[in-house]
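Trainee: One structure coming up, written as structure tokens, with questions to follow.
The values are calculated or read from the model by the stated rules, or taken from the named source; none is laboratory data. All values derive from a computational prediction rather than experimental measurement. Don't worry about glycine lacking a Cβ; one is built from the backbone with ideal geometry, like all the others, and counts go over all protein chains shown.
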Amino acid sequence: MSATTPMPPRAASGRALFAAVFAFAVVMLGTTLPTPLYAIYSGELGFGVTTTTVIFAVYAAGVIAALILFGRWSDIIGRRPLLFAGALLSVASAVVFLTAGPVWQLMIGRVLSGLSAGIYAGAATPAVIELAPRGWRHRAPSLATAANIGGLGLGPLIAGLLAQFAPAPLRMPFALDLVLLLVAMIGIWFITEPVAVRRGARVSVQRLSVPPEVRSVFVRASIAAFAGFAVMGTFTAVTPSFLTHILGIDNHAVTGILVSLLFGASVVAQIAGRSQPTERALIAGCAILAVGMAILTAGLIAASFTLLALGALVCGAGQGLSFSKGLAAVVSASPADRRAEITSTYFVVAYVAISLPIVGEGIAAAQWGLRTSGIVFNVAVGVLALIALGLTVLEVRRHR
């Protein structure tokens, strides 16, 4: 039996919706703030691309742990407590980075950041939808998407600009993050709890499973999600090193802008494609992602910043369509009473793609060089996108 009852009408308001969207964006922004700063950290602390990728990958471990441990908690104890908890973890992460010294401290900051993102993935998305006034209900899922991916894109953009043009490049971005988080927490305080929590409800660990009747849809959607998130993760983790060591571009603002292009294109594609039929848009997303990987590969071979920027835009669009429509297909095929666990399993697959491939590329870069490992990785991800494309086309033909 559910531990919550439907949203009280008084909980929905324009200000409450804005507060939830703002908090969602700020917490996700904090998770990508370190991206343009890794080149500075590596220079000061003396580590290479392998360590950079491990630092980035432990973030995914935090996300996965939060999805499994806390995935259902907001349904049981309410949205506001989880929104506060996620924001507090984000504050802790910012404080760790603000005072960061050795590499292990950076890793702790990334784990805390991952925990905050995982909690918000389970609590903030439904909160945005539930807090939307009646006239905004149909736009609420797009707002949640924009807050999530848009926040991820703003992080490297803001940090890159501050690192390039403001004093204390390793401190200023996180000081600003703390200010934004304080504002976000004040907004959360004034939100009316959007679900009515029943007394005696018990929290539990989120079970992960995929029932047989959903596995066909899940496999092809999760392959596309894996490919898309692997691109987002490795592009975010490795791009700063590639720009510095291969292209000779030692400009943190340029790094931040380049990474933010990927996330911005993902947001635009998800919003633009929200009214398109799921299967058709999933096919288009996988095809666009495969083309984007080809462009990124060409950019690595030619050491061309222009091709890398174009590839970021195309890959972002493909990732946005394939991920959002893959999720829509999985949700549509899932039994109502098991939707949460199947959706959480889908997100876990996506975030595994942010950790394992990144570490693999980092190790490969130490052996083969940054450019060669990047080319091999891009080809592998392009093949995954084509496999998801082929499986989806076959499924559509089978139904016809």
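Trainee: Take segment 235-273 and flag every residue that is hydrophobic (A, V, I, L, M, F, W, C), closer than 20 Å to Phe165 by Cβ and part of a helix (DSSP H, G or I).
Mentor: Answer for segment 235-273, where residues must be hydrophobic (A, V, I, L, M, F, W, C), closer than 20 Å to Phe165 by Cβ and part of a helix (DSSP H, G or I): Leu243, Ala253, Val254, Ile257, Leu258, Val259, Leu261.
Trainee: Suppose the filter is of a type outside the set (S, T, N, Q), at pLDDT 85 or above and either more than 13 Å from the chain's Cα centre (by Cα) or in a loop (DSSP other than H, G, I, E, B) (or both); does Ala221 pass it?
Mentor: The answer is no for Ala221.
Trainee: Quick test for you: out of Ala100, Ala92, Ala39, pick the one residue that is of a type in the set (Gly, Ala, Ser) and closer than 26 Å to Ala124 by Cα.
Mentor: Ala92
Trainee: What number of residues in segment 269-295 are over 20 Å from the mean Cα position of the chain (by Cα) and either of a type in the set (Val, Ile, Thr) or not assigned by TED's automatic domain parsing to the domain that holds Leu310 (or both)?
Mentor: 4
Trainee: For Gly299, indicate whether it is part of a helix (DSSP H, G or I), free of Cβ contacts under 8 Å to residues at least 24 places away in the same chain and under 19 Å from Gly233 (Cβ atoms).
Mentor: Criteria met by Gly299.
Trainee: Shifting gears a bit: One residue is enough: does segment 350-364 have a residue meeting the conditions farther than 24 Å from Phe263 by Cβ and either of a type outside the set (Ser, Thr, Tyr) or surrounded by 20 or more Cβ atoms within 10 Å (Cβ to Cβ) (or both)?
Mentor: Within segment 350-364, one or more residues are farther than 24 Å from Phe263 by Cβ and either of a type outside the set (Ser, Thr, Tyr) or surrounded by 20 or more Cβ atoms within 10 Å (Cβ to Cβ) (or both).
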